[in-house]
1. Could you work out the helix-only [θ] at 222 nm for the chain, with each DSSP H run of four or more residues adding -39,500 (n - 2.57) and the total divided by the number of residues, to the nearest 500 deg cm²/dmol?
2. Relative to the longest principal axis of the C-alpha atoms of the chain, give the angle of the C-alpha long axis of helix 99-108, reported between 0 and 90° and rounded to the nearest 10°.
3. Mind checking the dipole of the chain: about its Cα centre, +1 per Lys or Arg Cβ, -1 per Asp or Glu Cβ, Debye to the nearest 20?
4. For the chain, set up a Gaussian network in which alpha carbons nearer than 10 Å are linked by springs, and say which option among PRO149, PRO112, PRO93 fluctuates the most.
5. Stick to the Cα atoms of the chain, pair each with every other, and give me the Kirkwood hydrodynamic radius in Å at one decimal.
6. Say each of TYR69 and CYS151 gets a label point 7 Å from the Cα, pointing the same way as Cα to Cβ; how far apart are those two points in nm?
7. On a 0 to 90° scale, report how tilted helix 2-11 is relative to the longest principal axis of the chain, with both axes built from alpha carbons and the result rounded to the nearest 10.
8. Once phi is turned into θ = phi - 60°, what whole-Hz ³J(HN,Hα) does the Karplus curve with 6.51, -1.76 and 1.60 give for every residue of region 47-57, x standing for Gly and Pro?
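Every read-out reported here was derived from the displayed coordinates using simple, explicitly stated rules and does not represent laboratory data. Here the structure is a predicted model, which is why all the values come from computation and not from measurement. We place every Cβ from the backbone using ideal geometry, glycine too, and count neighbours over all the protein chains shown.
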Amino acid sequence: MWKILRQIARTGTRSEAPPDYDDALRVEAERIQRELLSILGRALAIRQVDAGSCNGCELEINALDNPYYNLEGLGIRFVASPRHADLLLVTGPVSRNMELALLRTHDATPAPKLVVAVGDCGCDGGIFGASYATRGAVSSVLGVDVAVPGCPPPPIDILRGILTAVRRGRPAAPAPSPAD
């Protein structure tokens with residue numbers, strides 16, 4: 001243990017210098033907040049649903065809550081109940097086991113509801129496609145407002161997709177009838 005403590009004392013703390021303060025980012029954040037309030041009249045509440053993904057997209061969505069992207073500071077928050085949500089953020093190909101749960105979550109979300117499909121799997125089924133285990137893309141089960149491609153997409157692209165859906169502000173097309 002003493003050897004490790006001596007090494008720590010010799011090398012000190014090694015880290016990067018903090019980034020310079022950028023006033024343009026603060027102005028952009030304020031603009032996004034004003035836009036959200038003008039469109040919704042309140043903060044945007046998102047319910048994230050993993051319909052069968054590999055969790056790559058979830059890691060990127062989780063990065064949206066870190067201090068760099070500061071989603072909460074923009075007036076966007078994640079909620080645990082679909083009854084409190086304005087937008088569904090769906091990742092992964094819709095597995096047959098998650099199809100009913102996704103439809104129930106969509107039904108429990110109050111109108112007008114927005115749906116954003118995240119990742120290649122959510123957009124077109126990705127490497128899984130449609131098979132005995134999956135229904136494929138989210139759009140094969142629900143109407144999708146915005147699709148964010150990428151495997152996984154970077155957090156900034158996910159944020160752009162969310163803001164695009166809010167700007168459009170229209171609910172998705174009716175869901176297709178479920179196939180057996």
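1. The per-residue figure over the chain is -11000 deg cm²/dmol.
2. Taking Cα atoms only, the helix is inclined about 90 degrees.
3. 380
4. Per the Cα network of the chain with a 10 Å cutoff, PRO112 tops the list.
5. Kirkwood radius, the chain: 17.7 Å.
6. 2.0
7. Tilt relative to the chain: about 90 degrees.
8. Those phi angles translate into 10, 8, 10, 8, 8, x, 7, 8, 6, x, 5 Hz.
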